[in-house]
Amino acid sequence: MHLWEVATGRPLRPPLPHPAKVGYVAFSPDGKTLLAGEEDGTVRFWEVATWTSPRKPLRHGARLDCLACSPDGKTLLSGGGGLYRLWNASTGKSTLPPLVHPGRVHRGAFSPDGRTVLTGCSDGLARFWEMASGKPTGPSLPHQGRVDCAAFSADGKTALTGSSDRTARLWEVETGQPIGAPLYHPNIVWVAVFSPDGKTLLTGCGDGTARFWDRATRKPVGPPLKAQESISGVGYSPDGGTVAVGSLSGGVQFWRPFVPLKGEVNRLKLWVEVFSRMELDENGGVRDLSPPTWDERRQGLEAVGGPPLP
């Protein structure tokens, strides 16, 4: 396991050897502890400051497919096999009986208030669970294939799921009703998250691409980000200015997220033409603007307020 500085790409600590393959990692909310989940079901705690592991590991009892920390840092969620376990982060003891599922479980998530857990399962359903009792709550969210990932919006009112049916979907948490049409992908949606401001969705696909989507319109934003192999994880920096994309090749790439331009269509069109010095012809081809035509478009752009940039 490695710890890297995002700005420079340099390692911050020596590599940490593990006796089994590390499949999932998660920081505690305060950033002081790093959790590492191994394929054999072991969860280890590492202090970021000292790069030591003074605590006994947790034993999930099956291969891990999920590892998450509650917003207050007091509870851990591990998932694998056909069940999820909730752990007291301080004592390492189980807080409730296992959350048993009818199939193999996948990525799960805590709600922002920490009162609910959303889980994904190979039976095609995402389920809500009450943290206080460990019992199912509310309606299940159906897909036509395995549910591989789940996430909550920052206000806890919307859920995001991804599936082997090649779609990601938005849902109303209170009613379990879908919000708009599915977001179609060319392959399995392994991971899906909200941007910190909640306006954009980021999905990771089995075809080796990560895709941005405008949450309000559910349309793609910019071209897909291409990785070397199938996407295994995506995430935003806390300020939303950087995204990390991990793939099965073992590499992690950092990108600046695409931001959708907003404005009146003619203004956007003029800006593209002035910037590129080209325009589309009547057949959809591209042609250069003559100097007089370019100057005319430039003046037109200035008349409507200039480039549509913040």
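For this structure, a couple of remarks:
- Enumeration of residues in segment 275-293 that are part of a helix (DSSP H, G or I) and modelled with pLDDT under 90: 275, 276
- Residue in segment 188-231 that is farthest from residue 168 (Cα to Cα), counting only those that are of a type in the set (Gly, Ala, Ser), free of Cβ contacts under 8 Å to residues at least 60 places away in the same chain and buried (at least 16 other Cβ atoms within 10 Å of the Cβ): 227
- The residues on offer are 155, 148, and the sole one that is within 21 Å of residue 235 (Cβ to Cβ), acidic (Asp, Glu) and out of contact with any Pro (no Cβ under 9 Å at 6 or more places or on another chain) is 148.
- Selected residue (criterion: nearest to residue 123 (Cα to Cα)) from residues of segment 171-206 that are aliphatic (A, V, I, L, M) and more than 13 Å from the chain's Cα centre (by Cα): 188
- Residues of segment 215-229 that turn out to be out of contact with any Ser or Thr (no Cβ under 9 Å at 6 or more places or on another chain) and outside any loop (DSSP other than H, G, I, E, B), as a count: 1
- Filtering segment 232-254 to residues that are in a loop (DSSP other than H, G, I, E, B), among the small types (Gly, Ala, Ser) and surrounded by 14 or more Cβ atoms within 10 Å (Cβ to Cβ) leaves only 240.
- Of all residues in segment 1-46, those being surrounded by 14 or more Cβ atoms within 10 Å (Cβ to Cβ), of a type in the set (Gly, Ala, Ser), in a loop (DSSP other than H, G, I, E, B) and under 22 Å from the mean Cα position of the chain (by Cα) number 1.
- Total residues in segment 115-134 satisfying the condition of being of a type outside the set (A, V, I, L, M) and modelled with pLDDT under 95: the figure is 2.
- Those residues of segment 182-205 which are part of a loop (DSSP other than H, G, I, E, B) and either in contact with a His (Cβ under 8 Å, 6 or more places away or on another chain) or β-branched (Val, Ile, Thr) (or both), in sequence order: 188
- Conditions (1) over 25 Å from residue 308 (Cβ atoms); (2) of a type in the set (Phe, Trp, Tyr); (3) touching a Lys or Arg at 6+ places or on another chain (Cβ under 9 Å): number failed by residue 171: (3)
- Residues located in segment 53-88, provided they are buried (at least 20 other Cβ atoms within 10 Å of the Cβ) and not in a strand (DSSP E or B): 60, 64, 65, 70
- Single residue of segment 137-156 satisfying the filter (of a type outside the set (Asp, Glu) and assigned to a strand (DSSP E or B)) that is surrounded by the fewest Cβ atoms within 10 Å (Cβ to Cβ): 142
- Odd one out for residue 134, checked against (1) of a type outside the set (Ser, Thr, Tyr); (2) free of Cβ contacts under 8 Å to residues at least 60 places away in the same chain; (3) closer than 24 Å to residue 169 by Cβ; (4) not in a strand (DSSP E or B): (3)
- So residue 123, is it surrounded by 16 or more Cβ atoms within 10 Å (Cβ to Cβ), in a loop (DSSP other than H, G, I, E, B) and on the phi < 0 side of the Ramachandran plot: yes
The values are calculated or read from the model by the stated rules, or taken from the named source; none is laboratory data. Computed from a predicted structure; not experimentally measured. In this analysis, Cβ positions are derived from the backbone assuming ideal geometry, glycine residues included, and neighbour counts consider all displayed protein chains.
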